[in-house]
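Worksheet: the structure to be examined is printed underneath.
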Amino acid sequence: MTASRPIFGPRDGQARRRRRIGLAVMAVLAALWLGAASRVHVNASWSDEAWGYAAFPLFGDALRIGDRVLFEPPAALGSPVPYLKTVRGLPGMTVAVAEDGTVFLDGVAVGRAKTHALDGRPLATVAPGVIPPGRYFLHADHPDSHDSRYAEIGLVRRARILGRAMALPDLPWLGLKGPLVRPEDVGGDMSAGRQR
């Protein structure tokens, strides 16, 4: 007497194998597309702990408070790399500045603006008012952050935002661990590491 084989057994196994292969191919294609659509940027600031960030595309204008983003600073600043900041203010929110330089968004203090940059040049605070459509208040908690508290950065247009940012993991065997720039590395020339 021979053992009988189930009629649909091999086909079910083949179908499962095909599904797994199909899912694997889709995952690889999605990863390749995401890799091609994203960009990697080296962190040229000491105000954050990662050596680099990947910018992932924004779909629509759906930025939310707390989103970490990379954006192109104004060309006049001469920064060779994008800035990494967190979205703190959305269109329609009110920006106010106290006499001591404390900046408020809808009545909540987000930080104090300094009077001078690390290279000694004077800094003006952002103009108070309502954040207009298509602009965002971008901020970092580091006291030396060069962000929307200052007029030369201002309220950032959506078109200058490169995408959502994700910190890249440390790779110590490649020398990529923590910020690659320190304040002492910049010295007197703050063009590459201006107050961030």
- Note on the structure: residue 24 and residue 142 label points (each 7 Å along its Cα→Cβ direction) are spaced in nm at 4.2 nm
- Query: Over the range 83-149, what is the relative contact order in whole percent, taking alpha-carbon pairs under 8 Å and six or more residues apart?
  - Reply: 39 percent
- Message: Could you give each residue of the range 106-123 its phi-based ³J(HN,Hα) in whole Hz, using Karplus coefficients 6.51, -1.76, 1.60 with θ = phi - 60°, and x for Gly or Pro?
- Response: 6, x, 9, 5, 10, x, 10, 7, 7, 7, 9, 6, 4, 8, x, 6, x, 10
- Separation of the residue 65 and residue 100 label points, Cα + 7 Å toward Cβ, nm: 2.2 nm
- Does the range 71-157 classify as rounded, prolate or oblate by the C-alpha gyration tensor (a ≥ b ≥ c root eigenvalues; a/c under 1.5 gives rounded; else a/b over b/c gives prolate, otherwise oblate)? oblate
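Quick one: if the Förster radius is 41 Å, what FRET efficiency do residue 16 and residue 152 give, using the C-beta to C-beta distance and rounding to 0.05?
The value I calculate is 0.10.
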- Message: Within the range 131-158, list the residues whose amide N lies under 13 Å from a label point set 7 Å along Cα→Cβ of residue 167.
- Response: 141-142
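Throughout, read-outs are computed from the coordinates displayed, never taken from laboratory work. Just so you know, these numbers come straight off a predicted model, no measurement behind them. Here Cβ is always computed from backbone atoms with ideal geometry, including for glycine, and neighbour counts include all displayed protein chains.
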